[in-house]
Every structure is written in structure tokens, then in C-alpha cells.
Amino acid sequence: MVDDILRQRLESLNRGPMPICTTALTAPSGSSSFTPPPVERSPQIYSGTIKAAPGLLRSGEVVVTDAGEHLRIRLSIDAIWPNGERLVATRLEHLQDLAAMSEQAIEPTVVLQPDFAALVAALPDRVLLLDLETCGLAGSAVFLVGLLRQIDGVPAIELLIARNYAEEQAILETLWQTVAGHDVLVTFNGKSFDWPMVRDRSTRYRLAARSAAAPMVHLDLLHHARRRWRKQLPDCRLQTLEQLVCRRRRMGDIPGHRIPAAYAEFVRTGFEREMDAILYHNAVDLVTLLDLTLRLAA
Amino acid sequence: MDVAALIERMQTRADYAGQLAHVEVLPERQGRFAEPRQPLPEALRRLLAARGIEQLYSHQSSALEAARAHHDVVVTTGTASGKTLCYNLPILEAALADPNARALYLFPTKALAQDQLKGLLELVGGDPELAAAIRPGVYDGDTPTAQRRRIRGEANLVLSNPDMLHASVLPYHPKWEALFSNLRFIVVDEVHTYRGILGAHVSAVLRRLIRICEHYGSRPVFLAASATIANPGELAGRLIGREMTVIDDDGSPRGCKYFVLWNPAPLGKDSLARRSASDDAVTWMIEALEAGGQALAFTRTRQAAELIHRYVKEQLAADHSPLADKVRAYRGGYLPNERREIEQELFSGKLRGVAATNALELGIDIGTLDVALLVNYPGTIASSWQQAGRSGRRHDESLAVLLAGNDPVDQYLLRHPEYFFAQSPEHAVVDPNNPYVLAKHLPAAAFELPLDTEQRGDDGGNDLDRFGSLAAPIAGALQDTHQLVNVKGSYYFAGGQNPAVGVSLRHMSDNTFSIVLVKGGSRKGGGGGQVALPTAPDSAGSEMDHAVIANVDAISAPELVYPEAVYLHNGETYLVRELDLAGKVAYVERRETDYYTQAVLESSVRITGQRAESDLVSPTMLAYGDVDVSWQTVAFKKIKFATRENIGLGPVEIPAQNLQTTGVWLAPDDAVRAEMKGAGLRASEGVVGMRNLAVVALPLVAMCDSRDLGGVVDSKNLGQTTMILYDRYPGGLGYSERGFQQMPQLLAICLEMVRDCPCGDGCPSCVGLPNLRPAIHSDPDLARGYPMPNKQATIRLLELLCGKSSAEFGEDSRRPPIGVDAGR
């Protein structure tokens, strides 16, 4: 069904000239020279005064790539997870001890699965955690590539943001440049969603040559989490694990299902508050992903 | 077979009473052959030789050369002229030369894609070299998920349909990179079916397809094939948006063909009503089979196909003829496996006679038969020749018989055979610029790739311009309604859901109901004619007792499988126990009955809101707005087989179905009516004639097909005789709206058509309804005929209406609708 405003506009366009008609009738004058009416801008939807506190988005810097510009935000883990940096360092040490022990032991007490062995070998410098935010399911656009990786010797969150639909290609370009320096990719449900999405969207921009050159180990934590916690937990969604395994709670988070609509609003109106919430949401997801990675590896 | 002897035999039967109205003999035609300039590769020559083809027909050679030269072609030679090879040869040649080369085939139905898959597999199956190089795969709604990835990656010949391309392929084009990067040929088969609503949608889908191909760097050549229509080059050209090379010089040989016009005998001495065409078709079929021929009867409704099959079989069985087991019915709704089986047995000659609906009219390969019986006029000249073309041996004689029904159209054709044989087939009209259709496809296109408005191509147009001159203002309107977002000169789709999913390319939804046979029968048995309907069919037993035997589309399910209906399938009777509307299932059980049932339908068109009123034909009431078309099965009749006695009536309680759309209505005012009354004519008869003309004339103004429109004459809505024309598409597609804006022109065309018609009292070319659409599940012999409307009344009415509007005629019919009425 066509909505009423659109219908009225279409009605004004539905003026075909007299087409194949054997009878010689005078066509109405000027029927083929229709000029479109001036485009009216719709009034701003938010007229109320909602305070757009200078948030995460404002802290971004513009990155210039061969495929255009996009925004980038870097955050320390501590900004999201108080004391997280120290905790991570301790667990890393522990992990490396474990790995060393299992190598030396003649009868290894701990046998790492191949994926995790690769992970431990690559930690911390050559591991990349990834979580996308998109406009919808398959076929729709990616607007936020959330990464967590070692920057200048410390783990840090790096958000690549398309400020509008035209910047998607640029964030994918930066993603591929970043991927190049890493051996292991860690995601949550990324084998079914995030990574096929990255590939499809890159193919769409004809970035296929780059995607071919990425011989990475892909560790999808969803499967490992299911194996470990399926019996204890009601489900194995990331947020469930965050609450019940990592024992953290989010404040002021935006529910995942509202993210596509919130981004569409942001592109249309430039309204930042919900966008800040999306960035926060993604950053917390990444921190939880890191937390789970270390827990599962141990 | 000896056709002349069969015709003579029919005339020497005891019941012959001069039914033979006309015999036209179409002479034999010699085959013409041509060698391609460059010989075909060895493997292909081997393959053709194995199928007994030593030389190509001239049209096959022309098509091959055109395709090699990267010309887009449309082939429009006759039925069974080897059209399929016209597009398969260049594709197979390309696939042999380049293992990466791909081709996409589009068919209007899933059945045709399956038929072609079978044909391709058989073609290359015996040859290891070809079998390795040619990897066809069907990708449609029935393709199991597990196979989809493999077909996307490995098939080099992908067989699909426009609906699938629209909703499931183009929106996910990155997954199809291998196809789109290497696409060399796109086959558009049965291109004549893409007219009107479907055509407007398909033209948008093809533009989206071309756009994606360009994105991946391919420029495929279009190979189209069409049944005989008046304007194949124009239709395909508009549809695809390219200049087409038309190949219509048929080089295939054709044996001598007899075309008989047969008028069933009058029922009584002075009776105008005649014996049923179906009954005469039974006689013809039996005589043809006994003469050693293979025959096909085409009926206009599914029920008629079932009935003819049943009567032929019964009569042959009564005569202890071994032919009794060699007749079948074939129609939409049969499951794919059953259809394949019938097609194969027909092809192999095992089946001798089939009663079919036009489901067999499209290009499914069943070989050629000796006799085609057209039971009632199929409604169009193009369809008549398409069906008649199903008989026609390469060298032997063949026969087509048109058995006239009681309709005025049929009777007119029988009185004027010269009209029938001289009439050119219909024009097919497609409008790639329909704003309503484009408004549905531009979001889909933007979802696929941003619609760029800045960069100019070689032709000076931008990306958006490929959708026509209206695309820019429509995109603007879509931006204002927040469906598209313009960023730096490109339109982006502003959402995450694939927008193609909610857009149907066809008239209505393609939901289907399953017809499920519950085995074991009813536990109580029917006592005293009362039917015991169990409360829950799934309580009857395990799932083993249930089997799906057929499908029916959701629109006509309430006409076919209402509770207590007798459902006819392959000549056998099944009793419907329950119709589960929510679950889309009808439960039937096998029950021998001596009657079949006929739904009693009620339909109505209700004006629900006026959007605009106009004084273009002032002071006659002319308006445009929303209408609600509804139809409902309210009762059913029990009809005894063979005698057609009505032996009972029962109520049916199922909710009405409806279509909310837009319409235009016109009601002659009192002055016009008074003036007609003065001349001894009835305005209401004139309105009926005008409606019949307008349904034919509106497509000329609105660029659609008559099938896309509905028209009724009604006096309930406005309290006086009113003509209402509406679009057969939910929400409307602007056809009746154009009729509203251009009513004076429309009426002038109607007047010209009826005034210039040389007939005396009206004929199908003017006031008669040329394409009467019976309910497809009814027995046409039970429907009452429609009288030919009064020609003089129609002419006078149109003169009065045109006279009134002539002052303003052509002055400013484009102005925006006056007095937009937001409320009721």
C-alpha cells in the first residue's frame, strides 16, 4: 500500500502522454513537459529540547582513506571497564604461564584446542576482536566497525564510524588495512553474521582483492560459549554471558533491535544522543568479548 | 493421421446436424536451412547430430549470428519451431569456449524453469565433455537452502524467474558476484507474458539487473523469445530498454494444417442456446483418439478440463476401449511431479488424449500433437493461435478445432470466420514509466547500490535516469517520505530490511493452499446425504494418513475447496471435509459421488472514499477514489454428472476476500438519461456497452493490459447506473486514475471504436466483452450468458457524453484533480 503523502505526489506524476493510440486525437498541450515541484523539506521532528550532551561521537577524529573519509574513536578499556586494563594484563600473564606449562609438560594436563592455541600464540599483539553494528540483516549496510586490539602496547577500543551511508566503503577500507597486521580474529557469532557481512559489503564495493588476502584464524566465541555454559545458563546470548558469567550490568544501554532505526534517525537529523548510546553499546560488547575470550582460553 | 477422413467421419455421424461452420486449410510449408558463418564447435555439432539435427533452420542460424555479434534479439517464430535452440546454442557455445562464462535464464513460471532444466540435462547428459562444461541449476522459491550456495557458486547456467530475481537475488548481489561478473547472456523466455502490471514490474527489475551487471563489469546480451503477438520487438525493447533485433522468419517446416470452426447444434428447434462445447469436445476427442491421433483439449476453466477428461474416459471404458487408460487431465494446481509425469507421457506418445487448461499453453515441451481442440474461444487471437499451435506435425497433417460456446463473442466468430483468420494478434503493452511501480522499485534499487545523480554516463544520463524521466521526482518524493536519503548527490535506502520483499510483481499474492487427502475415509460414513464432518482432521490418525495431492492459489481456494465441495482431480471425486483458512489447508477424502459442485459467488464493488471529482464531462458525475472489491462463496449447487441437473443447494460460510484499490466512476446524469429515453433507448444498456469498450480503451490511455482492470456496472453505490473501472492491484497502480484525468479522450476512443465498427448490432470488436473471465473453477456450461449490449444505445450515450465535453476537450485535461475530498 502506498501511504497518502506519497500517493499524492505520485498522482501528480501519473500523467502519461497519450501513448499508442491509432485514433488521431489532440493530445493535451504540454503533457510531456512536466516539471517536478520544488522539494519541500520536512520539518525537524524533534522540536523539544533534549540535551545532546557532548558525548563519545564528539571525541572522534576524521580519518582519510582512498575510499573517502570516516570517523574514528579510540578509547582505553578502562573508560568502559574500570580497572579492566590491569585485570586483562594479569589474566594474560596467567594464560601465558599456562601455555608454557602445557608445552613443557610431558603428559600435558591442559590441552588447548587448536583455535585457542593459535589465539594464545598471537596474544596480545596479533589478535583482533571485531563487532559490527549494521542497518539490518543480510544485504543491509554496515555503519560501525568496532575493534579491540593492542595499540601502543595496551589493549584499546577502536570504533570506525560511517557518519552517513556514503562512508561505509571508507570504514571497510580502514578495516582491511587494520586486519592486515593480525593473525587471529575473534567475534561472537561472527561466522554466521559479522564476517559474511564484511565480505559481502566489501564485494559490493569491489574490495574483493583485499578480502582474498586475509589468511586469518577466525575464532567465533559463540560456539565455545555454548559448549561451556549451555547447561548452566538459560541461553548463550552475549548479554546473558555478560551478566551471569562476567557479572557486569549495563546502564543506559540502547536495545539492539532499536539500533538500525536510531542510526537512520542520526543520518537524517544529525541527532547525536542515540548515536552515543550505540557507540557505548558496541564498546561494551567488545569489552565483554575480550573478557570472555580470556575466560574461555584459560 | 488422416485429418480429412476424421473431419468426414464427424460429418457422417448420426448426430451430425451441420455443426461444421468453416474449414480453413493452411498449406504445407517447406523447411529452410542456413549454415552459421563460423561452424559450431565440434562438441555441439556432435550433440545436434545425436538428436537428428544435421542443419539449423534459418531462424536458428540468424539468432546464433546475432547473439555472437552481441545484438539483443527477440525470437518470435511459431510453436515447436525450435525456439529454445535459438538461445541455447550461443550460450552453450560460450560456455564451452570460456569455463567462467555464465548465463541467466528467466521464465515466467517455476514449471517452465524445471522443464528447461530437464531439457538441458538431457541435452548434455550423454556427452561427458558437455556434461562437464554445462552445469545448469534452478534457483527459485522451491530450491532447498542446502543447495543454494552450491548453485550460486557453481552453476554456470542459472534458471530462475523475475520474482526470485527481484526479491532474493538482486538485493544480495555480492553473494552472486561470480554470476554477475561473468554474465554473458540473459534469456527472457515467454516475453509476451510480461505486459501490463507484470510487465511494468519486470521492466523495473530488468533495469535493476542491468545496473548490477554494470557494477560488476559485465554487459550481457539479451536473448528473448515470444509467442506470436503484434509487436514483439516493441514489447521486448521497452521491457529491456534496448533496441532489439526481431527474428520472426520461421524456417521450420510445417505439415498441412486444417482449422475447423465448429458450432454445437441448437438445443431445440427454435432455441438460441446450443449444446455444450464441452460435450462436443468429448465426441471430437474420442473420434480423434480412435482414428489413431494424439489430441489435446484446451478449456477455459479447470473444472471443464476435469469434466471433459472424466466423460471421455467413461465413454471409452464403456466401449471397452484400451484407450480409456490413456487420457488424463492437466491443469494448474496439480503437483509438480504429477505434471512432469503427464508431460513426459504426452511427449513419449504413451498418453493419447489430455484435457488441459492454458497451463499447457506456455512453452512446456510436450512435442507436437495431431489435434488441438479449443473448447470455447480462449479470449484473445494470440492465445487461439498459441493453443492451435500445439497441434502441428513437422511433416504430417494436423488439425485445430475451435468449438464455439454460447457467448456472443464465440457466435460472432463463427458467423464471421474471415474476421477470425484475418485478425492480427493483440498488441502487448508495457509501461516502464508507471510512477507507482517505480516508487516500489527505486527503494529496492537504492538498497542494492546507491542511486547516483551526479556522474554522467556515455549517454549523458546519470544512474537514476535509467529508470526514466520520472525517476528523479519520484526519488524526491521518496526522500520526503523518509524512504530514501540523499547524501552527496546519491540516494541511499534508509533502512535495513530488504524493501523488495513486500513488493509483489503480480496482481495479487501468490500464497497457496494445500489440498490434503485424508486416507481411511470418514469413520461414520455419510448417512442420508448428510456429511459427517470431523472436528479435527489431525485426530484421524498418524501423519501417514495424510498426503498433499494438489495446490490451489489463495484467491480461488474459497471457490474450489469450501466444506462439502466435490473436488475433481484427475477425473476422480473427493469430498472436502474442512477448509482451514488460517493454516491454508483443505482436507479432502476420496468419495465416489454422482455429482459435482459449483460455487455460488457473490461479488461487489463498493466506493469507500472519493479522492477527486471532475467536471470534465460535466454535469455527468465523474470521480476517482478508493474502492473495495470483494467476492465471496455464499452457497454451492450440486450438479449431477452428464445430465447437469441441479440436485441440491447448500450454504457456505467463509469470509469474503477483498481487494482495496483505486477506481474511476462515471454516472450519466438525468438529462442524458432523459434524452436517451426520448430516443427509445435505455441508458443502462448504453452504460454496459460503454463499460465493455472502456475496458479495452483504457489500456490505450493508461498503458496497461485489459487483464489488469476490472469494470462493473452498478447502481447500488450512487443510486443510479454507474460505470466503475478499477485497478486489479492492491492500492492501485494509477490506471483508473489516468482514465479519470483523460476521460474525454477515453470516451472519444470508445465512440470511435463503436461507430467505426462495420457490424450491424454489435460484435466482440465493439460493444461485446472480448475477454470475459469466467471463474477458473467453474463449469462454463452452467454460467448464464451475457447478452450483447445494445449498440445504438451505446453510440448515443457516448455521443451525448462526448458532446458535453467537446467544449473543453483537449483544453486542459492535465490540470490537477479538482476538489480533493479528503473525507467521505
Original post:
Using θ = phi - 60° and the Karplus curve 6.51 cos²θ - 1.76 cosθ + 1.60, what whole-Hz ³J(HN,Hα) does each residue of segment A:150-165 get, with Gly and Pro shown as x?
Top reply: 7, 10, 6, x, 10, x, 9, 8, 10, 9, 9, 10, 8, 6, 7, 4
Original post:
What does the highest-first list of B:545-555, B:230-240 look like by mean Cβ count within 10 Å?
Top reply: B:230-240, B:545-555
Original post:
Stokes-Einstein at 37 °C, 0.692 mPa s, Kirkwood radius from Cα pairs: D for segment B:331-373 in µm² s⁻¹?
Top reply: 304
Original post:
So what J values fall out for segment B:710-719 if you push phi through Karplus, 6.51 cos²θ - 1.76 cosθ + 1.60 with θ = phi - 60°, rounded to Hz, Gly and Pro as x?
Top reply: x, x, 9, 10, 8, 10, 6, 5, 10, x
Original post:
Roughly what would the spin-label model give for A:H223 and B:A656, points 7 Å off Cα along C-beta, in nm?
Top reply: 5.7
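Rounded to a whole number of µm²/s, how large is the Stokes-Einstein D of the protein assembly as shown at 4 °C and 1.567 mPa s, given Rh as the Kirkwood radius over C-alpha pairs?
Details: Rh = 33.5 Å.
So the translational diffusion coefficient is about 39 µm²/s.
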Original post:
Is there a simple number for the mean count of other chain Cβ atoms within 10 Å of the Cβ of residues in B:436-446, and what is it?
Top reply: 2
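Per residue, what volume in Å³ does the convex hull of the Cα atoms of segment B:705-746 enclose?
On the way: hull volume 3.7 nm³, N = 42.
Normalising the Cα hull of segment B:705-746 by residue number yields 89 Å³.
From the alpha carbon gyration tensor of chain B, can you work out the equivalent ellipsoid semi-axes (sqrt of 5 times each eigenvalue) and give them in Å, largest to smallest?
The three semi-axes for chain B are 39, 38, 29 Å.
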Original post:
Under a point spin-label approximation (7 Å from Cα along Cα-to-Cβ), what is the B:T608-A:L137 distance to one decimal in nm?
Top reply: 2.9
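If I stretch the segment between B:Q423 and B:K488 completely, what's the gain in nm (0.36 nm per residue apart, minus their alpha carbon distance), one decimal? Kindly include the intermediate steps, with their values, before the conclusion.
Numbers: separation 65, 0.36 × 65 = 23.40 nm, distance 5.48 nm.
Residue separation times 0.36 nm, minus the Cα-Cα distance, leaves 17.9 nm.
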Subject >> Using a Förster distance of 51 Å, the FRET efficiency for B:A146-B:E645 (Cβ separation, nearest 0.05) >> reply: 0.45
Original post:
Amide H of B:V138: which non-local residues (sequence gap of 5 or more, or other chain) have their own amide H closer than 5 Å, using H built in the peptide plane?
Top reply: B:L159
Original post:
Going from the alpha-carbon gyration tensor of segment B:617-754, what semi-axes, largest first and in whole Å, does one get by taking the root of 5 times each eigenvalue?
Top reply: 31, 21, 15
**OP:** Determine the alpha carbon to alpha carbon distance for each of B:K637/B:K791; B:K440/B:K488; B:K110/B:K584; B:K313/B:K638 and list only those over 25 Å.
**Re:** B:K637/B:K791
Original post:
Gap in Å between the Cα centre of segment B:652-707 and the Cα centre of segment B:305-333?
Top reply: 42
Original post:
When only alpha-carbon atoms count, how far does segment B:667-709 stretch along each of its three principal axes, as whole angstroms with the largest first?
Top reply: 37, 14, 12
Original post:
segment B:627-683: which GluC sites (Glu not before Pro) are DSSP loop and have at most 15 other beta-carbon atoms within 10 angstrom?
Top reply: B:E645, B:E653
Original post:
Can you give the net charge of the other residues whose Cβ lies under 12 Å from the Cβ of A:A156, counting K and R as +1 and D and E as -1?
Top reply: -1
Original post:
What is the order of B:L616, A:L6, fewest Cβ neighbours within 10 Å to most?
Top reply: A:L6, B:L616
**OP:** Rank these for me by crowding, B:F298, B:F259, B:F447, A:F271, going from fewest to most other beta carbons within 10 Å.
**Re:** A:F271, B:F259, B:F447, B:F298
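Net charge within 12 Å of A:H224 by Cβ-Cβ distance, Lys/Arg positive one each and Asp/Glu negative one each, not counting A:H224 itself?
Working: positive: A:K191, A:R226, A:R227, A:R228, A:R230, A:R295; negative: A:D115, A:D220.
Overall, the nearby charge balance is +4.
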Subject >> Phi to ³J(HN,Hα) by Karplus 6.51 cos²θ - 1.76 cosθ + 1.60 over segment B:486-502, Hz, x for Gly, Pro >> reply: 9, 10, 6, x, 10, 8, 10, 7, 9, x, x, 7, 4, x, 6, 4, x
Original post:
For segment A:251-298 and segment B:457-472, what is the separation of their C-alpha centers, rounded to whole Å?
Top reply: 39
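Read the figures in this text as sums done on the coordinates, not as results from a lab. Since the model is a prediction, treat every value here as computed from it, not as a measurement. Note that we place each Cβ from the backbone using ideal geometry, even for glycine, and neighbour counts take in every protein chain shown.
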